[in-house]
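Written below as structure tokens is the structure these notes are about.
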Amino acid sequence: MRVLITGAAGFIGQQVLADLTVYHPEWSLIASDIRPLGQQWLKPNVEALTLDIADAAAVRDCVARWRPQAIVHLASVVTPPPGMSEARLHAIDVGGTRALLEAAIEYEVDQLVVTSSGAAYGYYPENAEWIDESHPLRGHAQFAYAKHKREVEILLAEARERHPWLRQLVLRPGTILGKRVDNQITALFRKRAVMGVKGSDSRFVFIWDQDVVNIIRLGLERAAEGIYNLAGDGALSLREIAEILGKPYRPLPPGLIRGVLGLLKPLGLTQYGPEQLDFLRYRPVLANRRLKEEFGYQPRYSSREAFLAFLAAQGIEARG
């Protein structure tokens, strides 16, 4: 089988590529990214190529040339680098998915695996205590990543209506943790105190990175389709996270957080704007019943266990 992987140089992309080279050396893997992959990927069944997912013509040419049976679409921007415009973000996340989807349909790809995000559900006070895959996708007008993931999911839903023969496996991960994770969420846990929002539990669901990789591989092996939340059992509030870290928990008034971020971001003193307030206090808490019962996968770690494993990998002692 030929499998095209987009975003192959990314955090999950490299792990998916490594996993497939071990479990399926007989498959042909086309590893694409705008960044170079490095010498370690010069293997007999791996073809590394440079691809700007925002270039629709290049995406079409890539699919036309390689004619993959399956595509694993991982190319996305989670934390934009300084100076990246909203238009560029949209071109990568939404435009890239549209181009790939159109090419997959034109050249009759059998299966499309897409990593969406739990962020597609949005950050709203009326979110259900536990959100399953039937919950409406609302994104967030001020949070580009969530807004774009919702747009991506609309494109996918339209394609399922018009082209049901293209098997879609759509994965909506919660917060991904792993031995080498370093992002805006893990940065919250490295501060002297854990900041929260007064009046909000701010619950997090975690999924271990190898669980995500395993699910993608199993999805390819089974030619699976469907939509699944990816999360370990249970959830952790910011207060509980502070207790595990042995750090003080300091919930601040929402108005204060919004005002401070609104002042600091224009001055370049923080990359976070007032939209981060909703990101913290109205987190979508993902239910994983369908993943376990319908897809048939039990995550290796619960949310709490994943957090403890992350701390152990970082050499941080859990105290609570």
Fill in the blank from the handout: Within region 113-126, residues closer than 22 Å to residue 201 by Cα and either among the acidic types (Asp, Glu) or surrounded by 17 or more Cβ atoms within 10 Å (Cβ to Cβ) (or both) come out as 117, 118, 119, 120, 121, 122, 123, 126
Handout entry: residue 165 modelled with pLDDT of 95 or more, surrounded by fewer than 18 Cβ atoms within 10 Å (Cβ to Cβ) and of a type in the set (Phe, Trp, Tyr)
Key = yes
Completion exercise
Within region 56-109, the count of residues that are of a type in the set (S, T, N, Q) and farther than 28 Å from residue 221 by Cα comes to 2
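In this structure, does residue 260 turn out to be without any contact (Cβ under 8 Å) to a residue 24 or more places away in the chain and not in a loop (DSSP other than H, G, I, E, B)?
Values: without any contact (Cβ under 8 Å) to a residue 24 or more places away in the chain: yes; not in a loop (DSSP other than H, G, I, E, B): yes.
When the stated conditions are applied, residue 260 passes them.
Any residue at all in region 265-276 that's touching an Asp or Glu at 6+ places or on another chain (Cβ under 9 Å) and hydroxyl-bearing (Ser, Thr, Tyr)?
Of all residues in region 265-276, those touching an Asp or Glu at 6+ places or on another chain (Cβ under 9 Å) come to none.
Taking every residue of region 265-276 in turn, none turns out to be touching an Asp or Glu at 6+ places or on another chain (Cβ under 9 Å) and hydroxyl-bearing (Ser, Thr, Tyr).
Restricting attention to region 59-78, does a residue exist that is in contact (Cβ under 8 Å) with a residue 40 or more places away in the chain, under 26 Å from residue 145 (Cβ atoms) and surrounded by fewer than 16 Cβ atoms within 10 Å (Cβ to Cβ)? Quick ask: steps written out before the conclusion?
Here is the first cut: in region 59-78, the residues in contact (Cβ under 8 Å) with a residue 40 or more places away in the chain are 59-60, 62-64, 66-78.
Keeping just the survivors that are under 26 Å from residue 145 (Cβ atoms) gives 59-60, 62-63, 70-78.
So of that shortlist, the ones also surrounded by fewer than 16 Cβ atoms within 10 Å (Cβ to Cβ) come out as 78.
Checked region 59-78: at least one residue is in contact (Cβ under 8 Å) with a residue 40 or more places away in the chain, under 26 Å from residue 145 (Cβ atoms) and surrounded by fewer than 16 Cβ atoms within 10 Å (Cβ to Cβ).
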Fill in the blank from the handout: Checking 232, 219 in turn, the sole residue that is over 23 Å from residue 139 (Cα atoms) and within 20 Å of the chain's Cα centre (by Cα) turns out to be 219
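Yes/no per residue for (1) out of contact with any helix residue (DSSP H, G or I) (no Cβ under 7 Å at 6 or more places or on another chain); (2) closer than 26 Å to residue 248 by Cα; (3) at pLDDT 95 or above:
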{"site": "120", "(1), (2), (3)": "no, no, yes"}
{"site": "143", "(1), (2), (3)": "no, no, no"}
{"site": "149", "(1), (2), (3)": "no, no, yes"}
{"site": "154", "(1), (2), (3)": "yes, no, yes"}
{"site": "157", "(1), (2), (3)": "yes, no, yes"}
{"site": "160", "(1), (2), (3)": "yes, no, yes"}
{"site": "180", "(1), (2), (3)": "yes, yes, no"}
{"site": "185", "(1), (2), (3)": "yes, yes, no"}
{"site": "190", "(1), (2), (3)": "yes, yes, no"}
Exercise for the section: May I ask you to list pairs of residues, at least six apart or on different chains, whose Cβ atoms are under 7 Å apart, with the first in region 14-28 being touching a residue at least 12 places away in the same chain (Cβ under 8 Å) and the second being of a type in the set (S, T, N, Q)? Expected result: 21/45; 25/45; 27/45; 28/45
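Going by what's in this entry, would residue 194 be described as in contact (Cβ under 8 Å) with a residue 24 or more places away in the chain, farther than 16 Å from residue 115 by Cβ and hydrophobic (A, V, I, L, M, F, W, C)? Walk me through how you get there before you give the answer.
Working: in contact (Cβ under 8 Å) with a residue 24 or more places away in the chain: yes; farther than 16 Å from residue 115 by Cβ: yes; hydrophobic (A, V, I, L, M, F, W, C): yes.
For residue 194, the condition - in contact (Cβ under 8 Å) with a residue 24 or more places away in the chain, farther than 16 Å from residue 115 by Cβ and hydrophobic (A, V, I, L, M, F, W, C) - is met.
The values are calculated or read from the model by the stated rules, or taken from the named source; none is laboratory data. Please read all numbers here as calculations on a predicted model, not as lab measurements. For neighbour counting, all protein chains shown are included, and Cβ atoms are generated from backbone atoms with ideal geometry for every residue, glycine included.
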